[in-house]
Each structure stands twice: as C-alpha cells, then as structure tokens.
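These notes are about the structure you will find just below.
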Amino acid sequence: MLTKNETDTGLMSSFVMKTYFPTVIFQIEVANADALNTKLLEAIYAERDRDQKGIARSNYEELGGWHSQPDLHKKKEYTELVNHIRVATERMSSELSYSANHAMKIGTMWSIINPPGSSNRAHVHPGCMWSGVYYIQAPKGAGDIEFIEPRTAHLMNQPKYRPNAKRPKECWTKVRFTPKPDRMLLFPSWLYHGVDPNMSKEAGRAGHRIIISFNLNQQKI
C-alpha cells in the first residue's frame, strides 16, 4: 500500500476505482399495500386448500413448505399485484436503458408458504431474464433471502482482509435482505439465492412466511 508521502512524491498521478459488470438488485416498497396483502392472503390460502400438495421446487416439502402452481398471474385475484409488478419493471427497464419497443412480461408467477422450520434451498431461475419476490407476510425471524456471489472464482480464492474492518460492497460474496411486508425485490434470474429457515415463534398462520415470486422476460410490444 502506498503511503500518503509516496503519493505526494509523484509515484501516482491519479488513482481511480472503476466498477464494471455489477450485479444489480432493485428494492421497491409498495405503498398502502395493507388491503392488497389481505386479499392476497385470502387468495393464497384458498389456492392451497384447492391444491394441498402443490408442486416441488426449491422449497423443502418435508419441512412443511408449500409451492403453488406457477400460473397465478393469469388469475383475477392477482391482477392488482400484476399491475404493481408492471409499474416496477417499467421503471427498471427505463433505469437500464432497455428498448422502448420491448416490455417485461410475467411468464410464471407462484406463491410459497413457509411455516416455521421450512426454508428454500439455493437455486437459480433458468429460461428468463429477471425474477422477483413480493413479501406478503413476514413475521420476525421468518428467514432472510440470501444472494450469493455468482463468480465461483471469487468464492474459491478469497483474499485476506483487515480484521474488524468493514469490507467495501465490491468485495462482498453474499448479501442478505430481511423480508418485510410490502417489499418487492427484482434480481437477475441467474443469481443464486436461497431462504433461511423460518424461525418465527408466532402460532398458527401468523408464523407463516408468505411470498409471491415471478419470472420475467422481454417481449416485443
């Protein structure tokens, strides 16, 4: 490491850090969503009553997790949420300078109910560009979502850092978000992510972690 004195004596004329190839995660807070969340809870539990088994995906069925069929975006009970997703993805597309002749469209959308003790193994979402999650109910201890450094070389060859010093974000290999009702996350579909076990102490349905997830692709308008 160059000291200030070495810099001052002309060994460096400039020192610029440039960040390329970032992994972008968008966080959106949906305003005034209490009524929406209440309607979604009713619809999701009704869905589970009709389809107790659900389908196997990243959740551990043996631990009590339930995964709906992936066609919720086609059902009228979810129209309001689909509209919120449309607004969020339009803003995302603008921020990323995506083609104005294309729009992000939902290809699949599903719900997951994770009661205490259940979790979701790390996975990716093949065949799509972006994925998202909307949190409907998340009691204390319901389990963070964890995103994992996608470049395996960085996981295998970790540098040594100064002890007790906070690493810059550019050096993180994992990042976690605590679930919060009304919050939506949008992330690249190739980004590995998993969900910690639900450790909620709430009784009955109040202890469930309930989300809706979805996959997105660009389609020509």
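Please treat every number below as a calculation from the coordinates, not as lab data. This one's a predicted model, so the numbers in the text were calculated from it and none came from an experiment. Every residue, glycine among them, receives a Cβ derived from its backbone with ideal geometry; neighbour counts consider all protein chains shown.
For the reader, a short list of remarks on this structure follows.
- MRE, 222 nm, helices only [DSSP H, n ≥ 4, -39500 (n - 2.57), over the chain, to nearest 500]: -5500 deg cm²/dmol
- Each principal axis of the Cα atoms in the stretch 37-160 has its own extent, and those three values, largest first, are 49, 41, 28 angstrom.
- On the basis of the beta-carbon distance and an R0 of 45 Å, S97 and K166 show a calculated FRET efficiency of 0.90.
- Whether the stretch 157-221 is rounded, prolate or oblate, judged on the alpha carbon gyration tensor where a/c under 1.5 counts as rounded: oblate
- Just checking the listed ones, H123, H84, H154: in the Gaussian network model of the chain with Cα springs under 10 Å, the one fluctuating most is H154.
- 3J(HN,Hα) from dihedral phi, the stretch 114-130, Karplus parametrisation 6.51/-1.76/1.60, rounded to Hz, x for glycine, proline: 10, x, x, x, 8, 7, 10, 5, 5, 7, 10, 10, x, x, 8, 8, 10
- Calculated P(r) tail over 27 Å for the chain, as whole % of Cα pairs: 41
- Simple label model, 7 Å out from Cα along Cβ direction - T173 to M129, nm: 3.2
- Around the amide H of G143, modelled in the peptide plane, lie the amide H atoms of M199, all under 5 Å away and 5 or more residues distant in sequence or on another chain.
- For S189, residues with placed amide H under 5 Å, excluding near neighbours: W130, S131
- Summary of packing: across the peptides 182-189, 33-40, the per-residue average of other C-beta atoms within 10 Å ranks them, highest first, as 182-189, 33-40.
- Spatial separation of Cα centroids for the stretch 119-153 and the stretch 172-221, in angstrom: 5
- Computed from backbone phi with θ = phi - 60° and the Karplus coefficients 6.51, -1.76 and 1.60, the 3J(HN,Hα) list for the stretch 68-81 is 6, 5, x, 10, 5, 5, 8, 9, 5, 5, 10, 4, 5, 5 Hz; x is used for glycine and proline.
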